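Below is one structure, written out as structure tokens; the observations come after it.
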Amino acid sequence: MARWRRERLAGLGIDPALGTLEGPSSAGDLLRRVGALQAQDYGSGAWSVGLRTGLTAAEVEQAVVAREIVRTWPMRGTLHWVAAEDARWMCELLAGKVLGSVGRRFDELGLTETDVKRSREVLEEHLTEPRSRPDVVDLLAAHGIDPAGQRAYHLVGYHCMTGLLCQGPLIGRQPSFVLLDAWVPFSRKPAREEGLAIIADRYLRSHGPVTERDLAGWVSHGLGLAREALALLGDRVERHEVDGEVWLRHAEAAGAAVEAEGLAPRAGGSPDAPAPSSPRVHLLPQWDEFLLGYKTRDVVLPPEHVVKVVPGRNMVFRPTVVVDGEVAGVWRRTTAGRRAAVEVELFRGRATARLRRALEASTAAYGRFLGQETDLRVGGS
């Protein structure tokens, strides 16, 4: 699976040097190519963008201020970065399944149709400019909507998934919310089939090789929708059977990988190929597409290490150290005064001199993103 891991690293923009395409020139270019990036936590989500573009944390936030990218809930009931012009149509196309399941939670919280309608009216009237999350909670309370017990959070999330709202820039350290129509100057309006084709094309091009289940899981819809979307791509989809599993690759991305490595395609679609001699090391954020973008994660995460990455088996992932496309450890950031430290825990033994140098380079890149001097500390098991 070594070659396929490298294709994913290149396609997802984590290591564009492994492909033939130039890296994205902006946060918007990145999101238009990969479709969406996980952003449950703001800091981790910003590093997902910074890692792939070379932007600093401040520059990622500036891309939000410039209305180039937005953070919202387009699918799976989960926060993602998307290109600003894609936010509305992606929510309309993909968020419906999650919206259909919120009724039970609303019942548990005591939220009624009247609350949903009234909150929409209030937000439409008052969120023509970004307001911080605490201010939005206070706004709902001031208009007779009880915000207690996560009621405000669920109402605001619901209105983001319907395409009424999106998140704006940070206000202090708080996320803000604003009317999508007021904040985004232009929204694309693809028809349903065109939208499905865009989703499938971007996902396959950036995440491949993948299975049909991976795409279905990414959009949180059934296999039927995934297959419909893939069929719209026609001969842009390459199919390879390995050990009884059918893997899908974008024809252009697959060709680029062969050209980049000077490899001829192997009979039967074998994904094996020699790995580069020098380790390629990346510090991935807590929630990153490299793991969260797939249903089948064992291509890059050995099963024996899953519990180290997701200790509670509850989808709360730890930041990961990826070496040559395989998850080889976890890390965390600590801060003391003006300095930060990256504390790495490797899964297998101590770091070699070459691996440590690569870790130091990745730590320095993370420090540049933060705008802080950042030290490396390495441990192993």
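The values are calculated or read from the model by the stated rules, or taken from the named source; none is laboratory data. In this text, all values refer to a predicted model and were calculated from it rather than measured experimentally. Using ideal geometry, Cβ is built from the backbone for each residue, glycine included, and neighbour counts are taken over all protein chains shown.
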Practice prompt. Check Gly28 against each of (1) closer than 26 Å to Arg333 by Cβ; (2) of a type outside the set (Phe, Trp, Tyr); (3) touching a strand residue (DSSP E or B) at 6+ places or on another chain (Cβ under 7 Å) and name the one condition it does not meet.
Written response: (1)
Discussion item. Residues that are assigned to a helix (DSSP H, G or I), assigned by TED's automatic domain parsing to the domain that holds Leu164, buried (at least 18 other Cβ atoms within 10 Å of the Cβ) and in contact with a Ser or Thr (Cβ under 8 Å, 6 or more places away or on another chain): does the range 43-56 have at least one?
Written reply: yes
Worksheet entry | Filter pass, Arg377 being free of Cβ contacts under 8 Å to residues at least 60 places away in the same chain and touching a helix residue (DSSP H, G or I) at 6+ places or on another chain (Cβ under 8 Å) | no
Discussion item. Pull out all pairs, ordered by first then second residue, where Cβ-Cβ is under 6 Å, the residues are six or more apart or on different chains, the first lies in the range 130-144 and is at pLDDT 95 or above, and the second is in a loop (DSSP other than H, G, I, E, B).
Written reply: Val137/Pro147; Leu140/Pro147; Ala141/Pro147
Response to the item:
Listed by first then second residue, the pairs whose first member lies in the range 177-197 and is in contact (Cβ under 8 Å) with a residue 60 or more places away in the chain, whose partner is in a loop (DSSP other than H, G, I, E, B) and buried (at least 19 other Cβ atoms within 10 Å of the Cβ), with beta carbons under 8 Å and at least 6 positions apart or on separate chains, are Leu180/Gly163; Leu180/Leu164; Trp183/Pro130
Worksheet item: Which one of these is under 25 Å from Pro16 (Cα atoms), outside any helix (DSSP H, G or I) and modelled with pLDDT of 95 or more: Leu215, Leu248, Leu204, Leu230?
Response: Leu248
Practice prompt. Look at the range 57-85 and say how many of its residues are under 15 Å from Leu37 (Cα atoms), in a helix (DSSP H, G or I) and either in contact with a Pro (Cβ under 6 Å, 6 or more places away or on another chain) or of a type in the set (Ser, Thr, Tyr) (or both).
Written response: 1
Worksheet item: Given the residues Leu164, Leu140, which is the only one that is over 22 Å from Ala63 (Cβ atoms), surrounded by 15 or more Cβ atoms within 10 Å (Cβ to Cβ) and touching a Pro at 6+ places or on another chain (Cβ under 8 Å)?
Response: Leu140
Item to complete: Go through the range 130-150 residue by residue and tally those that are farther than 14 Å from Ser176 by Cα and among the aliphatic types (A, V, I, L, M).
Response: 5
Item to complete: Residues being crowded, with 23+ Cβ neighbours inside 10 Å and farther than 14 Å from Gln167 by Cβ: count how many of those fall in the range 57-82.
Response: 1
Worksheet item: Would you pick out the residues in the range 169-206 that are over 22 Å from Tyr158 (Cα atoms) and among the polar types (S, T, N, Q)?
Response: Ser206
Discussion item. Which pairs turn up if I take residues in the range 53-71 that are farther than 11 Å from Gly168 by Cα and look for partners that are aromatic (Phe, Trp, Tyr) with beta carbon separation below 7 Å, at least 6 apart in sequence or on another chain?
Written reply: Thr56/Phe369; Ala57/Phe369
